[in-house]
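The values are calculated or read from the model by the stated rules, or taken from the named source; none is laboratory data. Quick caveat, the model's predicted, so the values are computed rather than measured. Cβ: placed from backbone, ideal geometry, glycine included. Neighbour counts: every protein chain shown.
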Amino acid sequence: MSEIIDRHFSAFKGELTKLYGFKPGYHFLDLTLGDGGHTEEALSAGCRVVSFDVDPEAIKRAIDFVPKKYKPLIIDPEQVTENIPKAFTWVIIKSNFVKVAEIVKSLALPKFDGIMADLGPSQYQVLSPGRGFSFSVDEPLDMRLDKNLGVTAADLLAVLNEGELSDLFDIADEPFAKPLARIIVKQRQITPIVTTKQLSEIVSKVKRFRIQGKIHPATQVFMALRMAVNLERDNIRELIPHLPELLNKGGVVGVISFHSGEDKIIKEYFEEMENKQILRAINKKPIEPSDKELQISQRTRSAKLRLAKKYS
């Protein structure tokens, strides 16, 4: 197997069959394949599944983890050489989900009965060495999920002014956004901030004795940078207007977010679609992980799931 790190535990794993009503022949679109947890649950229920991921290593890991009987057809939209059979079981599309509408159309894929977008990075992506996501090891501040992206976290720390840095940290609900931005601007005049250890130590120094609990003090700053480097908020806003057109009537779309900014975007979009009688929110308040799930994985503690159903 290709994994270096244990399999990522997908939020709400084991609950999608009931929430979506999975059954044989159901067409499910997993926009964030990761280690394949949600895709595997749909496949095991007899669904036909199309999965998206831009990270080649994530695709390799998912194929390793999902039972071999579900051998996928892997498609690079830029190099399509074969038609997708109508009776497919599992198709993996090597692409960012923002291109999903045009790709589904170009490949003549059917509309879907269910769609899932899990907006959190996988445990592997965060902890894998060399990517610059983790404050537990010292490595370059990269944070790109797709190496074709040009800007790294170190680049942002080098060029954004104090106000821009403060606004960026605010996105991830960082309570010390302003003092952190001020210290970072001062520190980079002495030496560039280019490693995870440098940034983690700066954040820890500013927040020392003020933040209690098990969460590392640099968590929100690292999250804000990851979101900015990978254009996550832009990608969400680009994706969600296309979701209704990909659904069959009566189909269900779900989005899992991991902080208040993302959840607000999804909530407001579902409300807008409900006012237009295009989608109807299934849950007015987001679903949160059960106590049973949190006993298995504390990493999903901040997950929030919103579901909406397309009007028939």
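Quick one: Ala154 ticks every box in (1) modelled with pLDDT under 95; (2) outside the structural domain of Leu279 (by TED's automatic domain parsing) except a single one, so which number is it?
Here Ala154 meets the rest and fails (1).
Filter the helices (runs of 4 or more DSSP H) completely within the range 6-120 down to those with at least 1 residues that are in the same structural domain as Leu247 (by TED's automatic domain parsing) and aromatic (Phe, Trp, Tyr).
The helices (runs of 4 or more DSSP H) meeting that bar are 56-65.
Which of (1) under 18 Å from Ser10 (Cα atoms); (2) touching a helix residue (DSSP H, G or I) at 6+ places or on another chain (Cβ under 9 Å); (3) surrounded by 23 or more Cβ atoms within 10 Å (Cβ to Cβ) does Leu43 not meet, given it meets every other one?
So the condition that Leu43 fails would be (2).
Between a first residue in the range 292-312 that is more than 15 Å from His259 (Cα to Cα) and among the hydroxyl-bearing types (Ser, Thr, Tyr) and a second residue that is in a loop (DSSP other than H, G, I, E, B) and at pLDDT 75 or above, which pairs have beta carbons less than 6 Å apart while being 6 or more apart in sequence or on different chains?
Here the result reads Tyr311/Gln277, each pair linking the range 292-312 to a residue that is in a loop (DSSP other than H, G, I, E, B) and at pLDDT 75 or above.
Filter the range 55-82 for residues that are without any contact (Cβ under 8 Å) to a residue 12 or more places away in the chain and of a type outside the set (Ser, Thr, Tyr) and give the result.
Of everything in the range 55-82, those that are without any contact (Cβ under 8 Å) to a residue 12 or more places away in the chain and of a type outside the set (Ser, Thr, Tyr) turn out to be Lys68, Lys69, Glu78, Gln79, Glu82.
Could you please find all residues in the range 266-292 being of a type in the set (Val, Ile, Thr) and touching a strand residue (DSSP E or B) at 6+ places or on another chain (Cβ under 6 Å)? Walk me through it before giving the result.
From the range 266-292, those of a type in the set (Val, Ile, Thr) are 266, 278, 282, 287; that's our starting set.
Passing the criteria: Ile266, Ile282, Ile287.
Of the numbered conditions (1) at pLDDT below 95; (2) more than 29 Å from Ser312 (Cβ to Cβ); (3) surrounded by fewer than 20 Cβ atoms within 10 Å (Cβ to Cβ), Glu238 fails exactly one; give the number of that condition.
It fails just one condition, (2).
Name the one entry in Glu3, Glu78, Glu82 that is at pLDDT below 95 and under 27 Å from Arg233 (Cβ atoms).
Details: Glu3 fails: under 27 Å from Arg233 (Cβ atoms); Glu82 fails: under 27 Å from Arg233 (Cβ atoms).
Of the residues listed, the single one that is at pLDDT below 95 and under 27 Å from Arg233 (Cβ atoms) is Glu78.
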